[in-house]
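Asks: Handing you a structure now.
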Amino acid sequence: MRLQQYLHLLGATLLAAFGATMALVIPLCVQIEDPINIVVVKQVLTLTMTTFMVATTHAMLFGVPLYLFVRRRRPRVGIAACALTGFLIAAAPFSVLALIGGGAPAMVNRFNGAPPPFSWIEYVSAVALLGSSGLVGGLTFWAAMRSSMSGWRSWSVVSAAALLTGGVFILPIVVRDTSCHNVFRDGRTSVRPQVYANLKVPAEDWKRLEQTFAAFGQAQALSIRRDVHTRDGRIMWRSMDLCNDAGVSISVGDEPWLAGVHSPRADEGMTFSIYSLKPDSGWRLLARHLLDEIEKMWPERTTFRGPSGQILSFEDAMKGRP
């Protein structure tokens, strides 16, 4: 094969991986019930990049060798063969690993990122979704390879593959959350809260707690962000963040799904954290004011905890952590 033919085959393979990626990511994006913000966009772009890498690896390891093997015996590979091969390449590894590595429910749990319990219905759905994405990839490969391996059509395939591949890897880097809500925006890889506590606030009081945080944030000129993750109309988790450019970040979070699976963490209550990302951020003054407001609304419902989970007094908690 000439160099241009090799490049054409590589371009068709990358386009097939991109087609399979879009066939998997788009249905998942349609199911997103959360408000669209920079965090959701970043997560979708990162998911697209990761899925594309996996799809490309599958196509290179299994699809290309199989295509070259068939081409030695047949002058042209048909659409049905490409579609079926794509389906099997995408679905087979997951289905086999699911059965070998602890059964289908465990693998579906890791694939969906959702709490148990699971059944074979979810397993079959996951396999079908992966297989369908592979089928789209196979059809994309067939369409790309139908064009001539020489001339402008071949270079069009190569150029399109290069542009799409570059976009998949560049966009997650370019699109960043640079607001104060991103505690890792300055490049740090870890952060620990100065104050960590559990709030035994009833779930039905979330709106009231949210209003308390919002009023405090507005009074203290803090940026406010609300996040909620729902699935099938049910709230899985929700959070509210307050922050400023001085380096103070305050968050409260609730995970209603824990009660549904009878997790011991459900009895601990909501989580409350205060971070100080810069020296002399003034976090103690803000913390005292906000905690006073919470104590007025929900007396003796706040439990402060140390690095090892031990219970602390209010004054000990206000000392912060090194």
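Asks: Are any residues in the range 269-291 touching a Leu at 6+ places or on another chain (Cβ under 9 Å) and over 22 Å from Asn182 (Cβ atoms), and if so, which ones?
Replies: Listed by number, the list holds a single entry, Gly269.
Asks: Does Ser308 count as hydroxyl-bearing (Ser, Thr, Tyr) and either outside any loop (DSSP other than H, G, I, E, B) or open to solvent by 70 Å² or more (accessible area, probe 1.4 Å) (or both)?
Replies: yes
Asks: Restricting attention to the range 258-286, which residues are crowded, with 17+ Cβ neighbours inside 10 Å and more than 21 Å from Ser190 (Cβ to Cβ)?
Replies: Of everything in the range 258-286, those that are crowded, with 17+ Cβ neighbours inside 10 Å and more than 21 Å from Ser190 (Cβ to Cβ) turn out to be Leu258, Gly269, Met270, Leu286.
Asks: Among the residues of the range 228-239, is any touching a Pro at 6+ places or on another chain (Cβ under 6 Å) and not basic (Lys, Arg)?
Replies: Within the range 228-239, one or more residues are touching a Pro at 6+ places or on another chain (Cβ under 6 Å) and not basic (Lys, Arg).
Asks: Every residue in the range 63-78 that is assigned to a helix (DSSP H, G or I) and open to solvent by less than 70 Å² (accessible area, probe 1.4 Å), please.
Replies: Selection gives Gly63, Val64, Pro65, Tyr67, Leu68, Val70.
Asks: Does the range 41-62 contain at least one residue that is open to solvent by less than 30 Å² (accessible area, probe 1.4 Å), more than 25 Å from the chain's Cα centre (by Cα) and among the hydroxyl-bearing types (Ser, Thr, Tyr)?
Replies: Checked against the condition, which is being open to solvent by less than 30 Å² (accessible area, probe 1.4 Å), more than 25 Å from the chain's Cα centre (by Cα) and among the hydroxyl-bearing types (Ser, Thr, Tyr), the range 41-62 yields no hits at all.
Asks: All but one of (1) within 23 Å of the chain's Cα centre (by Cα); (2) open to solvent by 20 Å² or more (accessible area, probe 1.4 Å); (3) not aromatic (Phe, Trp, Tyr) hold for Gly131; which doesn't?
Replies: Among (1) within 23 Å of the chain's Cα centre (by Cα); (2) open to solvent by 20 Å² or more (accessible area, probe 1.4 Å); (3) not aromatic (Phe, Trp, Tyr), Gly131 violates only (2).
Asks: On the basis of being in a helix (DSSP H, G or I), modelled with pLDDT of 85 or more and surrounded by 14 or more Cβ atoms within 10 Å (Cβ to Cβ), does Ala23 make the cut?
Replies: So Ala23 fits the description; yes.
Asks: Could you give every pair whose Cβ atoms fall below 6 Å, whose first residue belongs to the range 42-59 and is among the basic types (Lys, Arg), and whose second residue is assigned to a helix (DSSP H, G or I), counting only separations of at least 6 or pairs across chains?
Replies: Within 6 Å, no pair qualifies.
Asks: Restricting the search to the range 213-238, which residues are open to solvent by less than 20 Å² (accessible area, probe 1.4 Å) and polar (S, T, N, Q)?
Replies: Of everything in the range 213-238, nothing turns out to be open to solvent by less than 20 Å² (accessible area, probe 1.4 Å) and polar (S, T, N, Q).
Asks: Same structure, new question: All but one of (1) modelled with pLDDT under 90; (2) farther than 24 Å from Asp177 by Cα; (3) buried (at least 19 other Cβ atoms within 10 Å of the Cβ) hold for Ile294; which doesn't?
Replies: (1)
Asks: Scanning for something aliphatic (A, V, I, L, M), crowded, with 18+ Cβ neighbours inside 10 Å and touching a residue at least 60 places away in the same chain (Cβ under 8 Å), does the range 79-89 turn up at least one residue?
Replies: no
Asks: Consider only pairs whose beta carbons are under 9 Å apart and that are at least six residues apart or on different chains; among these, list those whose first residue lies in the range 168-191 and is surrounded by fewer than 16 Cβ atoms within 10 Å (Cβ to Cβ) and whose second residue is part of a loop (DSSP other than H, G, I, E, B) and of a type in the set (Val, Ile, Thr).
Replies: Listed by first residue and then by second, the contacts come to Phe184/Val191; Arg185/Thr178; Val191/Val183.
Asks: Now for a different question. How many residues are among the polar types (S, T, N, Q), at pLDDT 80 or above and within 30 Å of Pro256 (Cβ to Cβ) when one looks only at the range 82-128?
Replies: So the count comes out to 1.
The values are calculated or read from the model by the stated rules, or taken from the named source; none is laboratory data. Remember, predicted model here, so these are calculated numbers, not experimental data. Cβ coordinates were reconstructed from backbone atoms using ideal geometry, including for glycine residues, and neighbour counts include every protein chain displayed. Quick note on the areas: whole protein, heavy atoms, side chains included, nothing else; ligands and nucleic acids left out. Shrake-Rupley method; radii C 1.70, N 1.55, O 1.52, S 1.80 Å.
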